[in-house]
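So the structure is just underneath, and the comments pick up after that.
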Amino acid sequence: MTIEFETPKPIAQMQTMLQSVAENMMRSVSREFDENEHAIPWDYVEFMHTAMKAAGLGGGLTPGDDKPKEGAEKRPPIGYQRLAAQIEMLSWGDVGFYLITPGGGLGAAAVQAAGSPEQRIKFLARFNEDKPTYAAMCMTEAGAGSDTSAIRTRALLDEVAQEWVINGEKIFVTGGDKSFTEYEKLGKGFIVVWASIDPMAGRAGMRAFVVESGTKGVSIVKLEHKLGIRASDTAVISLVDARVPYDNVLGSATVEKTTTGFKGAMATFDATRPLVAASGLGVARAGLEFLKEKLTENGVTIRYGLPRNKLTSIERDVIDMEIQLRSAWLLVLKAVWMADNKKSNALESSMSKVRAGDVTSKITQKAVEIMGPLGYSREFLLEKWFRDAKITDIYEGTGQINRLVVARQILGYSGKELR
Amino acid sequence: MYSFEPNEEQQMLVDAVGKYAANDLHPAAHEAEESRELPKKLISKGWELGLLQASVPESFGGFGDRSAVTSALAVEEMASGDLAGALAVMTPSLFATPILLVGSEEQKKEYLPKIIEGEWRPYTAALIEYSFDFDANDLRTTAKLSGSDYVLNGEKAFVPFAKDSEALIVYANLDDQTQGFIVPKNTAGLSIADEREKLMGINALPLYRVKLDNVTVPAANRLGGAAGHSFELILASMQIASASAAVGVSKASLEYSMNYAKEREAFGVKIAQKQAIAFMLAEMATEIEAMRLLVWEAAWMLDNGKEEAVKQAYLAVTGAADMAMMVTDRGVQILGGHGYIREHPVEMYMRNGRGFAMLTGLAIV
C-alpha cells in the first residue's frame, strides 16, 4: 500500500461517458421534471436500462463483484470507488433522475445484505429482464425516523397458512411508486418492509420482508410534494393485513438473542452513506461550476495564490467552496476505498456524510447568494440545485445522527454511553 | 489507483517521529514556550531521526529520495508534539530542500553533504516580510544584477535561528520574480537584529529580523545558478509543510480536549457524553481528516509532477489554516475556564493555530 490519488483509468473513462449522458439526457429536461412533479422521464429510464443491461449492470448501480477476468492481472478492487464516481456524475446531471435510475436500489441492497443465497436468486434476477424494474426500502415511519428501533409495523406469522401478516404504515419510501405500482413499461418490482416479529425483543425482533408489487392490502396512500429531488417519487405506503409468503422474510424467522436482523440494515448504511455523500457532492459541483462559469462570463477572475487578505469577498468564497468540495470528495474516496478493501469504515462513512451534508448545502446556498437575482431565478438550474442539495444532510441519516456515529467512534462510546 | 495507506517505510518513519513527538517534544513544550528556550539536546534528538537526511540522495551524503508525501506525514506527526520544537528541528531543511529541489550541481555539492553529515546546525531561510500586504510572490526585498554580482536590499522578518546560522537563503524580487540567493554569514551589509521577534505563539523558536543593505553575492549564489529557478515549487512545498503542521497542531488539540472531556464530569456524566461536546469533537475530527487528505493529495501531486500541485497546495494551506483556527478554538472551549489557563496546552495550540494563516515559509517538505 501507499498513498496515491491517481484516478483509475476505467473510472476516468466511465466519467467521460456518463458526463455526456448527464448533459444530453438529464440537464436538457431537468427543469421540466422539476416543474412536473411525479411525471416519469421515460426516455432516461429506458435509455439507462438498456445501456446498463448492455454493460452488464442490469441489477442497477452496484459495486459489482469486481472479479478480474480469468488470466487477467490481479488488480485491487475498485467497485465502490467506481460506484461513487458514477453516482457523483449522474447527480451532477440531475440528482432526482439519478435516484430513479432503474435497478434494485436500497430494496435489492437489503436482499443482498440480509437474504439467503436462494432469496438473492429468487428476488434479484428480475432486474436483468427486458423492462426497467425497481425495488424500494420501507423503513421510516411517522414515529420512527432516525430512531429506527421505534418501528411499529408488525408482522405476525399465520402458522396455518404459513404466511406473514403485516400491518403498519411506512413513509418516505424513495421509489415506492415505481417499485410497487404496476406500470406497463416497468417490470414487476418489490418493496422491502421492515417490521417487528416480536415487539418485546426490541431491535432483535426486527426483520425485513420482501413484499411483491400488487400485493393485496398494500396501497400507496400518497406521493409527497417536496422541496427538491422532484423527479424521484417519495411514497407513503400502508399495509393492512398484507399477506406475504413465509419464505419472504430475510434472515432467520425466529428471534434469538442476537441482533443480526437489524445489523443487516445498519451494515447497509455503512456502505451507502459515502454514496449518498457522493451524490450530494455531484450537486455541489454542478452549482460551483455554474457559478465559476457565470463569473468568468462577467469578467470576474479568481486570483488563486494571492494572500487571503488581498482577495475580494467573492474570491474568498469561491476558494473556500473549492476547498470544501475537494476535501469532502476525498473523504468519500477514502470511505469507499476502505469498503473496496474490506476495511471497517463506519467512522469514515459517517465523516464523509457529515461533511458532504454540510458542504453541499453551503456551496449551493453561497452560489445562489453570489449570483444575486440570477441565482434566485428559475431561468437557471442553480436555484433547483440549492433545493436538491438540502436532502443530502437529511436522508440516509441526518447530519446530526452521523455526528453521533462519528462521536461514538472516536470516543469509544456505545449507544448507551452517548445517546 | 487511489490508496490511503502509508507504505511500510512511511509507517515506520511516522511511528518513530510520533514517539519523539509524544515522549520528547510534547513534555518539553510548555517549559520551552514559557522560557522561550528549546533544549539543544531536544533538537539534536529530533535531527537524528533523519528526516532531511532521508530525503537527500546518497551522492550528496543522504540515504534516500525526497517525497513530499513522506515529509508531510512526518511534519504532521512532529508538529503534533510541539510546533516550535518541530520547526526548530526542521530549520536546516529551509536551506537544504530548495537547493535539493532547484539548486545547481555546484550548490548541491557545496552545501548538502556538510549540512547532512554533521550535527544539527542552523542553516535557514528568509522569506517573510513585516508588512500587512506581504505576498511571497510580490516581495519588497529587491535583487539587482550588477556586473557579475547580485545586490540585495530590504528587510526580512521571522527568520529562524538567523543569529547563529552558517548561511541563509534570502528570497528577493528580481524583475518581478521571487528568486532565492545564498547569503553566507558575515556577508557585508547583512545585519541581524539583536532582539528576537516577539510573537503570539511559537515563542520557543528563535526568530529574527534581518536587514539587507547592499548585500552583494556572486551570480553563482543565485539559487539554481545563473539561470535562476522556478519559485512555485518551493512555495508549494512550503505551503504543504505549513498545512501539514496545521493538521498536526489540530490533532494535538483534539486529542487533549477529547481526553479531558472523557474525564471531566458535570451533571453526573462525563461531558463527552453530552451531545453539545460530542458534536464539537465529531466536527473537529471530521475537519482534521478532510484537510489531512487535501494536504496528502497536494503532496502526491507535487511528487508526481502534476500541474495542479501549485493550486492544490494553496488550497490545502488556506483550508488547513482555517481548520486549525476552528479546531484549536474549540479545544479551548471544551476545557472552558481551564482551557484559558496556561497549565493546559490548548491555549498554546490556539495561539499556534492562528499562525498558519501567515507563517508559510517557516517549514518546507
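Taking the criterion of being within 14 Å of chain B (Cβ to nearest Cβ), open to solvent by less than 50 Å² (accessible area, probe 1.4 Å) and among the hydrophobic types (A, V, I, L, M, F, W, C), would at least one residue in segment A:365-375 satisfy it? Outline the logic, then answer.
Of segment A:365-375, the ones within 14 Å of chain B (Cβ to nearest Cβ) are none.
Looking through segment A:365-375, none of the residues is within 14 Å of chain B (Cβ to nearest Cβ), open to solvent by less than 50 Å² (accessible area, probe 1.4 Å) and among the hydrophobic types (A, V, I, L, M, F, W, C).
Across segment A:294-322, which residue is nearest to the chain's Cα centre (by Cα) among those that are at the interface with chain B (Cβ under 10 Å from one of its Cβ atoms) and assigned to a helix (DSSP H, G or I)?
Per the stated criteria, the residue is A:E322.
I need a count of the residues in segment B:90-106 that are assigned to a helix (DSSP H, G or I) and open to solvent by 10 Å² or more (accessible area, probe 1.4 Å).
Going residue by residue through segment B:90-106, those that are assigned to a helix (DSSP H, G or I) are B:90-102, B:105-106.
Retained after the next criterion (residues that are open to solvent by 10 Å² or more (accessible area, probe 1.4 Å)): B:90, B:93, B:100-102, B:105-106.
Total satisfying the criteria: 7.
Of all residues in segment B:218-239, how many are hydrophobic (A, V, I, L, M, F, W, C) and under 16 Å from A:L306 (Cα atoms)? Lay out the reasoning, then the answer.
Start the filter on segment B:218-239 by keeping residues that are hydrophobic (A, V, I, L, M, F, W, C), which leaves B:219-220, B:223, B:226-227, B:231, B:233-236, B:238.
Subset that is under 16 Å from A:L306 (Cα atoms): B:231, B:233-236, B:238.
The qualifying residues number 6.
Name, by its number, the condition in (1) modelled with pLDDT of 95 or more; (2) open to solvent by less than 40 Å² (accessible area, probe 1.4 Å) that does not hold for A:K185.
(2)
Could you list, in sequence order, the residues of segment A:148-164 that are of a type outside the set (D, E, K, R) and either crowded, with 24+ Cβ neighbours inside 10 Å or on the phi < 0 side of the Ramachandran plot (or both)? Show your work before the answer.
Keep residues of segment A:148-164 that are of a type outside the set (D, E, K, R), which gives A:148-151, A:153, A:155-157, A:160-162, A:164.
A:T148, A:S149, A:A150, A:I151, A:T153, A:A155, A:L156, A:L157, A:V160, A:A161, A:W164 - these are the residues of segment A:148-164 that are of a type outside the set (D, E, K, R) and either crowded, with 24+ Cβ neighbours inside 10 Å or on the phi < 0 side of the Ramachandran plot (or both).
Checking B:A316 against (1) touching a Ser or Thr at 6+ places or on another chain (Cβ under 8 Å); (2) in contact (Cβ under 8 Å) with a residue 60 or more places away in the chain, which test does it fail?
Single failed check for B:A316: (1).
Condition check: among the aliphatic types (A, V, I, L, M) and open to solvent by 10 Å² or more (accessible area, probe 1.4 Å). Does B:A246 satisfy that?
On the way: among the aliphatic types (A, V, I, L, M): yes; open to solvent by 10 Å² or more (accessible area, probe 1.4 Å): no.
It is false that B:A246 is among the aliphatic types (A, V, I, L, M) and open to solvent by 10 Å² or more (accessible area, probe 1.4 Å).
Of the conditions (1) away from every other protein chain (no Cβ under 14 Å); (2) open to solvent by 40 Å² or more (accessible area, probe 1.4 Å); (3) not in a strand (DSSP E or B), B:I116 fails just one. Which one is it?
(2)
For segment A:401-419, which positions are crowded, with 16+ Cβ neighbours inside 10 Å and either in contact with a Leu (Cβ under 6 Å, 6 or more places away or on another chain) or facing another protein chain (nearest Cβ under 9 Å) (or both)?
So the first thing to find is which residues in segment A:401-419 are crowded, with 16+ Cβ neighbours inside 10 Å, and the list is A:401-411, A:413, A:418.
Within segment A:401-419, A:N402, A:R403, A:L404, A:V405, A:V406, A:A407, A:R408, A:Q409, A:I410, A:L411, A:Y413, A:L418 meet the criteria.
Considering every residue within segment A:165-186, establish whether at least one is on the phi < 0 side of the Ramachandran plot, part of a strand (DSSP E or B) and in contact with a His (Cβ under 6 Å, 6 or more places away or on another chain).
From segment A:165-186, those on the phi < 0 side of the Ramachandran plot are A:165-167, A:169-171, A:173-174, A:176-186; that's our starting set.
The next check asks that each one be part of a strand (DSSP E or B); those that pass are A:165-167, A:169-171, A:173-174.
Right, trim to in contact with a His (Cβ under 6 Å, 6 or more places away or on another chain) and you get none.
Looking through segment A:165-186, none of the residues is on the phi < 0 side of the Ramachandran plot, part of a strand (DSSP E or B) and in contact with a His (Cβ under 6 Å, 6 or more places away or on another chain).
What's the total number of residues in segment B:312-326 that are over 15 Å from B:A241 (Cβ atoms) and out of contact with any Asp or Glu (no Cβ under 9 Å at 6 or more places or on another chain)?
Number of matching residues: 1.
Does A:S350 satisfy the criteria of being more than 13 Å from chain B (Cβ to nearest Cβ) and either under 17 Å from the mean Cα position of the chain (by Cα) or not acidic (D, E) (or both)? Spell out how you get there, then give the answer.
On the way: more than 13 Å from chain B (Cβ to nearest Cβ): no; either under 17 Å from the mean Cα position of the chain (by Cα) or not acidic (D, E) (or both): yes.
The answer is no for A:S350.
Assess whether A:A22 counts as being within 14 Å of another protein chain (Cβ to nearest Cβ), out of contact with any strand residue (DSSP E or B) (no Cβ under 6 Å at 6 or more places or on another chain) and assigned to a helix (DSSP H, G or I).
Numbers: within 14 Å of another protein chain (Cβ to nearest Cβ): no; out of contact with any strand residue (DSSP E or B) (no Cβ under 6 Å at 6 or more places or on another chain): yes; assigned to a helix (DSSP H, G or I): yes.
Here the answer is no, as A:A22 does not meet what is asked.
Can you tell me which residues in segment A:281-333 are open to solvent by 30 Å² or more (accessible area, probe 1.4 Å) and within 19 Å of A:A84 (Cα to Cα)?
Of everything in segment A:281-333, those that are open to solvent by 30 Å² or more (accessible area, probe 1.4 Å) and within 19 Å of A:A84 (Cα to Cα) turn out to be A:R285, A:Q324, A:R326, A:W329.
Return the residue satisfying two criteria in turn: it lies in segment A:376-387 and is touching a residue at least 40 places away in the same chain (Cβ under 8 Å) and more than 14 Å from A:L288 (Cα to Cα), and of such residues it is surrounded by the fewest Cβ atoms within 10 Å (Cβ to Cβ). Full working, then the answer.
First pass over segment A:376-387, keeping only residues touching a residue at least 40 places away in the same chain (Cβ under 8 Å): A:378, A:380-382, A:384-387.
Retained after the next criterion (residues that are more than 14 Å from A:L288 (Cα to Cα)): A:378, A:387.
Working: A:R378: 11, A:R387: 17.
Applying the filter and picking the extreme gives A:R378.
Does at least one position in segment A:336-347 carry a residue that is touching a strand residue (DSSP E or B) at 6+ places or on another chain (Cβ under 6 Å) and either of a type in the set (S, T, N, Q) or assigned by TED's automatic domain parsing to the domain that holds A:L281 (or both)? Break it down into steps so the answer makes sense when it comes.
Residues of segment A:336-347 touching a strand residue (DSSP E or B) at 6+ places or on another chain (Cβ under 6 Å): A:337.
From what is left, the residues that are either of a type in the set (S, T, N, Q) or assigned by TED's automatic domain parsing to the domain that holds A:L281 (or both) are A:337.
So far as segment A:336-347 goes, yes, one or more of its residues are touching a strand residue (DSSP E or B) at 6+ places or on another chain (Cβ under 6 Å) and either of a type in the set (S, T, N, Q) or assigned by TED's automatic domain parsing to the domain that holds A:L281 (or both).
The values are calculated or read from the model by the stated rules, or taken from the named source; none is laboratory data. Just so it is clear, the structure is predicted and the values come from calculations on it, not from any experiment. All Cβ positions, glycine included, derive from the backbone under ideal geometry; neighbour counts span all protein chains shown. Side chains included, ligands, DNA and RNA excluded: accessible areas come from the protein's heavy atoms. Shrake-Rupley method; radii C 1.70, N 1.55, O 1.52, S 1.80 Å.
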